[in-house]
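The block underneath contains the structure these notes are about, expressed in structure tokens.
Any read-out appearing in this document is the output of simple, stated calculations on the displayed coordinates, not a laboratory observation. This is a predicted model, so every value here is computed, not measured. Here the Cβ is made from the backbone with ideal geometry for all residues, glycine too, and neighbour counts use every protein chain on show.
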Amino acid sequence: RSPAPGVGDPTPGAGLRGLARTVAQEYPEVLVRAVDVDTKDTPRAVAQRIVAELLDADAPVAVGHEGDLRRGLTLVREELAGEARVADLGPDGVVLLTGGARGITARAALALARTSGCHIEVMGRTPEPADAPAFPEARDEASLRRALVARGGRAPAEIEAAIRRILAEREVHRNLETLRRDAASVAYHAGDVRDPQAVRDVVEDVYLRHGRLDGVIHGAGLVEDRLVRDKEPESFGRVYRTKVDGACALAAAVRPDVGFFVVFGSVAGVHGNRGQVDYSAANDACDTLAHVWRTRLQGRVLVADWGPWAGGGMVSPELAREYARRGIGLIEPDAGVAALLREIAHGDETQVVLTGPVPGGGTTPHTPR
């Protein structure tokens with residue numbers, strides 16, 4: 001898909017590297033390559049480079065060619081010093097976050113509010129819940145299920161959907177109440193980031209009420225994990241568009257003087273991940289698009305490619321167990337949020353990979369080179 005109007009066309013192949021890396025993991029018996037070619041090369045030279053990559057069984061899945069240079073991906077460990085606080089953000093500042101008041105996005109919003117006292121604007125798919133929660137006597141999933149079954153009139157699938165909706169609304173309500181204790185103000189906008197007009201409306205409303213927008217964090221994301229052979233195109237589109245179209249719409253809607261523009265990415269885009277072909281492609285696309293956004297936006301542009309988080313976020317219990325089996329540590333929430341604030345305040349790389357706890361604690365940033 002092309003980015004939203006006004007953002008620019010990064011490369012026709014944005015997202016293909018992440019897709020190829022996942023396909024290679026799911027089909028190890030197949031030779032998979034994603035090759036970026038130099039458009040200034042002759043057709044003969046391009047063909048020779050592609051054939052050379054196909055004949056090299058030990059080559060990485062994704063490589064790029066520029067003139068006589070052959071480029072691959074290496075992660076360089078870099079520790080950032082400095083206070084975990086965005087120094088230019090004060091009580092008059094305004095930050096817009098997508099992804100609703102849930103999970104990692106909510107933690108980031110709370111950290112910004114507590115360290116700056118700024119105004120927080122949140123956009124999410126979950127409608128803003130009423131003050132009086134549904135089924136207040138049912139405090140957990142099991143009791144909610146019993147209450148809904150007792151009421152009758154719903155099929156099992158409808159009951160499970162209602163449980164997910166009610167629990168999400170409760171989480172949003174709790175987090176908004178917590179935010180209001182620390183932020184100068186909190187506003188919630190219900191909308192779908194895949195809709196460019198909905199995004200424009202929210203951004204314009206923020207500028208109208210505050211006259212400024214100091215930062216954006218695009219935390220919206222969707223996972224519908226399936227192997228490539230089982231992945232439906234509609235599902236691929238939902239996952240991909242939530243991340244990529246949402247980011248493009250935001251980049252097109254904000255004014256160039258926004259202080260920081262952050263997209264929550266994933267190591268799935270950097271390394272690929274079995275069962276996440278759509279999610280890997282979407283996050284790889286954002287890694288590429290960020291370099292285009294940087295040419296338009298004057299402030300800090302960052303794609304934070306997160307490893308798996310402990311305590312919620314996009315990691316299911318099953319996936320957490322798989323990461324543990326592979327020896328991959330989960331990011332502790334407090335350490336992850338502190339690393340994010342340091343990256344915004346003190347970093348200068350467009351793409352940063354942040355991985356789980358290392359000896360001595362903390363979250364380790366890596367810069368792709």
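Find the centroid of the Cα atoms in segment 159-177 and in segment 189-227, then give the distance between the two in whole Å.
Answer, in whole Å: 20.
So for LYS243, LYS231, fewest C-beta neighbours within 10 Å to most, what's the order?
Exposure proxy ranking, most exposed first: LYS231, LYS243.
Please figure out what share of the DSSP beta bridges in the chain is antiparallel and state it in percent, rounded to the nearest 5.
Here the share of antiparallel DSSP bridges comes out near 20 percent.
Return the FRET efficiency for the residue pair ARG274, ARG165: r is the Cβ-Cβ distance, R0 is 35 Å, and the value is rounded to the nearest 0.05.
Step by step, r from the Cβ atoms, then E = 0.75.
Put one equal scatterer on each alpha carbon of segment 165-216, apply the Debye formula with no solvent term, and list log10 I(q)/I(0) at q = 0.18, 0.29 1/Å to two decimals.
Values, matching the q order: -0.76, -1.11.
Arrange VAL37, VAL353, VAL51 by Cβ neighbour counts within 10 Å, fewest through most, would you?
Numbers: VAL37 18, VAL353 25, VAL51 10.
Sorted ascending by nearby Cβ count, the order is VAL51, VAL37, VAL353.
What is the sum of charges, Lys and Arg at +1 and Asp and Glu at -1, for the other residues whose Cβ falls under 13 Å from the Cβ of ASP201?
Local charge sum for ASP201: -3.
Work out the length of the dipole vector of segment 1-128 about its Cα centre, built from +1 on the beta-carbon of each Lys and Arg and -1 on the beta-carbon of each Asp and Glu, and round it to the nearest 20 debye.
Details: 15 positive and 18 negative charges, 57 e Å.
My answer is approximately 280 debye.
If we count other beta carbons within 10 Å of each Cβ, what is the order of LEU213, LEU31, LEU110, fewest first?
The fewest-first ordering by Cβ neighbours comes to LEU31, LEU110, LEU213.
Tell me what the chain gives for mean residue ellipticity at 222 nm when only DSSP H runs of n ≥ 4 count, each as -39,500 (n - 2.57), the sum divided by the residue total, rounded to 500 deg cm²/dmol.
-14000 deg cm²/dmol
Could you give the length gained on full extension between ASP230 and SER143, defined as 0.36 nm per residue of separation minus the Cα-Cα distance, in nm? Working shown, then result.
Details: separation 87, 0.36 × 87 = 31.32 nm, distance 3.37 nm.
So the chain would gain 28.0 nm between ASP230 and SER143.
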